[in-house]
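Before any comments, here is the structure.
Derivation of every value follows stated rules applied to the coordinates shown; laboratory data play no part. Worth saying up front: this structure is predicted, and the values here are computed from it rather than measured. Here the Cβ is made from the backbone with ideal geometry for all residues, glycine too, and neighbour counts use every protein chain on show.
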Ligand code: IMP
């Protein structure tokens, strides 16, 4: 008997499309142009800092719309809670590989939900003396905000629903969906 595939085909995913791949592509290009425009004077000090793992696909696409010299780095953050709700206890699980002092850092997030993770991270980064630090998030769920977070570059505002795809997961799955969709049946994920 052949083993069951680890994922059902995308067509069977319990997910309803919220943002199509084409919509995402257009908006990511616009964000890239905006970031480029604001960082023309950064010289060789521009750094895109991806928050693992959800920002990975967004960052890969966005970076190709920023035709400036830049470096990429990553930070791993764990926010304790259940699958769909963060608890507010935030911890750095894997730190940036080089100092950010004097750098123009643009933090790349997948989604700002309660804002607890971004609030913690932005405050933490500011203590490391970067030349500037801005926040870029693909998605924002304003209905869930518990901390005020200023998002400098925002892709889309979405309703208070759990979404997956384009890097975002549920129980580590569906990051590779090419679009963003809301989960219609969490038990089917
Ligand atoms: P926050 O601290 O509540 O703002 O949550 C931030 C993190 O929770 C994000 O970086 C995601 O990893 C995760 N998260 C929040 N909402 C969703 C969602 O709808 N889908 C997938 N992950 C989410």
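Put simply, when 94-105, 171-182 are sorted by average Cβ atoms within 10 angstrom per residue, most first, you get 171-182, 94-105. Rounded to the nearest 10 degrees, the inclination of helix 21-38 to the longest alpha-carbon principal axis of the chain is 10 degrees. Ordering of 20-28, 130-138 by packing is 130-138, 20-28, highest average first (other Cβ atoms within 10 Å, averaged per residue). Shape class of the range 108-156 from the Cα gyration tensor (axes a ≥ b ≥ c, square roots of the eigenvalues): oblate, since a/c reaches 1.5 or more and a/b does not exceed b/c. Where only DSSP H runs of four or more residues are counted, the chain gives -6000 deg cm²/dmol as its mean residue ellipticity at 222 nm, each run worth -39500 (n - 2.57).
Among DSSP beta bridges whose residues both lie in the range 34-159, state the antiparallel percentage, nearest 5.
25 percent
Taking every DSSP beta bridge that has both ends in the range 95-189, the antiparallel portion is near 25%. Descending by average beta-carbon neighbour count within 10 Å, the peptides 56-64, 153-161 line up as 56-64, 153-161, the highest first. Rounded to the nearest 10 degrees, the angle from helix 116-126 to the longest Cα principal axis of the chain is 20 degrees. Under a no-solvent Debye model with one identical scatterer per Cα of the chain, what's log10 I(q)/I(0) at q = 0.12 Å⁻¹? One equal scatterer on each Cα of the chain leads to -0.58. Summarising the label geometry, the points placed 7 Å from Cα in the beta-carbon direction at residue 60 and residue 78 lie 2.5 nm from one another.
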